[in-house]
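Here's the structure, in structure tokens; my notes come after.
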Amino acid sequence: MVSPSADAVLLLHGHGRTGMSMGFLGTALRAQGYRTFAPSYGFRRSLPRILDVLGPQVEAFARAVPGQMHIVTHSLGGLVSRALIHAHRPPNLGRVVMLAPPNCGSELADLLTDLKLSGAVLGPISSHLCTRRLQRDEELLGKVDYPLGIIAGTRSFTPITDRFLPKPNDGTVSVASTILPGMADHISVPVPHTMMPVHPQSIAQVEAFLRDGRFDR
């Protein structure tokens with residue numbers, strides 16, 4: 001394992017946010033000796049277009065890293081990371097940690113689709129956020145053949161949306177939907193979806209997986 005001082009972490013934000021939303025997590029990781037990069041990719045784009053935007057930036061960042069380039073994501077960023085690795089895998093890819101990723105989609109996206117509101121609310125990425133994902137959309141995400149740890153949230157502060165999600169859930173994504181074949185470890189924390197990148201419990205688990213390749217129990 002390369003020392004953290006030589007390693008770096010790519011931070012990928014969630015839907016409707018920017019790289020600034022990963023700032024608190026970035027500060028914590030830099031305190032551990034990692035260099036960080038948190039680009040913004042916008043959410044009014046399809047997944048292929050997001051890759052067009054991110055691909056050159058990530059390749060340049062990875063080339064400048066003397067050690068391993070790890071990836072930590074929140075929500076939609078988990079899907080972006082899967083597609084990015086599939087299409088533009090860095091040769092020095094290290095470990096990947098996903099916070100509350102909709103790996104199997106979200107029933108809330110299904111509801112918006114049924115109400116014909118997905119385009120307006122979710123944008124062109126909506127087809128990847130649904131549980132009824134098309135085969136061509138699934139193929140863009142690739143298979144997991146890298147060390148992956150997934151952290152799911154189990155606390156919801158939104159009783160209305162909670163009605164449409166299997167329990168346990170974080171108010172946006174169910175724990176079951178975060179699971180992905182090939183992952184190395186999975187853990188749940190009592191944190192709501194929006195708080196995952198800033199909550200001390202989830203941040204501590206991110207640090208543990210990047211350090212040890214497993215979560216701290």
> Picking from Ala152, Ala109, which residue would you name as being in contact with a helix residue (DSSP H, G or I) (Cβ under 9 Å, 6 or more places away or on another chain) and either without any contact (Cβ under 8 Å) to a residue 40 or more places away in the chain or among the hydroxyl-bearing types (Ser, Thr, Tyr) (or both)?
Replying inline: Ala109
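Yes or no, residue by residue, for (1) open to solvent by 10 Å² or more (accessible area, probe 1.4 Å); (2) closer than 21 Å to Arg35 by Cα; (3) under 15 Å from the mean Cα position of the chain (by Cα):
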{"residue": "Ile50", "(1), (2), (3)": "no, no, yes"}
{"residue": "Pro56", "(1), (2), (3)": "yes, yes, no"}
{"residue": "Gln68", "(1), (2), (3)": "yes, yes, no"}
{"residue": "Ile71", "(1), (2), (3)": "no, yes, yes"}
{"residue": "His74", "(1), (2), (3)": "no, yes, yes"}
{"residue": "Ala83", "(1), (2), (3)": "no, no, yes"}
{"residue": "Ala87", "(1), (2), (3)": "yes, no, no"}
>> Among the numbered criteria (1) at pLDDT 85 or above; (2) farther than 24 Å from Phe164 by Cβ; (3) surrounded by fewer than 19 Cβ atoms within 10 Å (Cβ to Cβ); (4) under 18 Å from the mean Cα position of the chain (by Cα), which one does Gly42 miss?
In response: (1)
> in contact (Cβ under 8 Å) with a residue 12 or more places away in the chain, β-branched (Val, Ile, Thr), closer than 25 Å to Ala8 by Cα and open to solvent by less than 50 Å² (accessible area, probe 1.4 Å), is that true of Val206?
Replying inline: yes
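The values are calculated or read from the model by the stated rules, or taken from the named source; none is laboratory data. Owing to the predicted nature of the structure, the values given are computational and were not obtained by experimental measurement. Positions of Cβ are backbone-derived with ideal geometry, glycine not excepted, and every protein chain shown enters the neighbour counts. Surface accessibility is based on the protein's heavy atoms, side chains included, excluding ligands, DNA and RNA. Shrake-Rupley method; radii C 1.70, N 1.55, O 1.52, S 1.80 Å.
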